[in-house]
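Structure record follows, encoded as structure tokens.
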Amino acid sequence: ITIMKVQKVVRAQGEYAKINQDIKDKDILTILDDGQVITGDYGDRHVFKVETSNGDKNLSFNQTSMNNLIDELGEETKNWVNKQVKVWLITQSVSGQMKKVCYLTGKDWDMVEDNKGNLQFVKIDKKDIDIPVVNEEESMSLKDVPF
């Protein structure tokens with residue numbers, strides 16, 4: 001007698017968000033649940049329900065997004081519920097084809113280039129932003145502009 005071991009397959013209920021349809025670059029999404037781990041053909045994926053402009057959809061968070069959100073929101077995904085995150089759609093090579101890849105960060109994050117030309121996500125600290133102060137006594141008239 002041959003004993004066969006079978007594996008249970010768990011799928012996320014509902015429709016998945018589509019890039020450029022349900023989610024667009026710089027969108028702000030609200031995370032609606034604490035996620036679930038779905039085992040797929042390419043390993044485990046972290047799938048969360050998010051609120052998009054077209055209703056509630058599933059979104060698979062890649063590892064870079066997970067790392068960004070851990071830095072922003074902490075390690076407990078139950079604390080991510082009802083938090084807002086920013087979408088970054090970046091065109092990159094995936095399996096030899098150029099595709100838009102969705103990355104997530106905190107709302108106040110930006111993407112900057114390091115000194116080696118690599119792009120990275122960074123949290124912008126509001127108190128570090130310099131706001132220019134205009135001194136009216138030093139202002140110029142258009143007739144003073146030399147052109």
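Just a few scattered comments:
- Number of the condition not met by residue 33 [criteria: (1) open to solvent by 20 Å² or more (accessible area, probe 1.4 Å); (2) part of a strand (DSSP E or B); (3) over 15 Å from residue 102 (Cβ atoms)]: (2)
- Where residue 78 falls short, out of the listed (1) touching a residue at least 40 places away in the same chain (Cβ under 8 Å); (2) under 16 Å from the mean Cα position of the chain (by Cα): (2)
- Residue match in segment 48-58 (condition: of a type outside the set (A, V, I, L, M), under 22 Å from residue 122 (Cβ atoms) and touching a Leu at 6+ places or on another chain (Cβ under 7 Å)): no
- Of everything in segment 97-120 that is in a loop (DSSP other than H, G, I, E, B) and either closer than 24 Å to residue 77 by Cβ or in contact (Cβ under 8 Å) with a residue 12 or more places away in the chain (or both), the residue that is least open to solvent (accessible area, probe 1.4 Å) is 108.
- Residue count, segment 82-93 (criterion: open to solvent by 50 Å² or more (accessible area, probe 1.4 Å) and not hydroxyl-bearing (Ser, Thr, Tyr)): 4
- Here is the figure for segment 54-73: residues that are exposed (fewer than 12 other Cβ atoms within 10 Å of the Cβ) and either of a type in the set (A, V, I, L, M, F, W, C) or over 22 Å from residue 113 (Cβ atoms) (or both) total 1.
The values are calculated or read from the model by the stated rules, or taken from the named source; none is laboratory data. Everything quoted here is computed from the prediction, not taken from an experiment. Note that each Cβ is placed from the backbone with ideal geometry, even for glycine, and that neighbours are counted across all protein chains shown. Just so you know, the surface numbers come from the protein's heavy atoms only, side chains and all, with ligands and any DNA or RNA stripped out. Shrake-Rupley method; radii C 1.70, N 1.55, O 1.52, S 1.80 Å.
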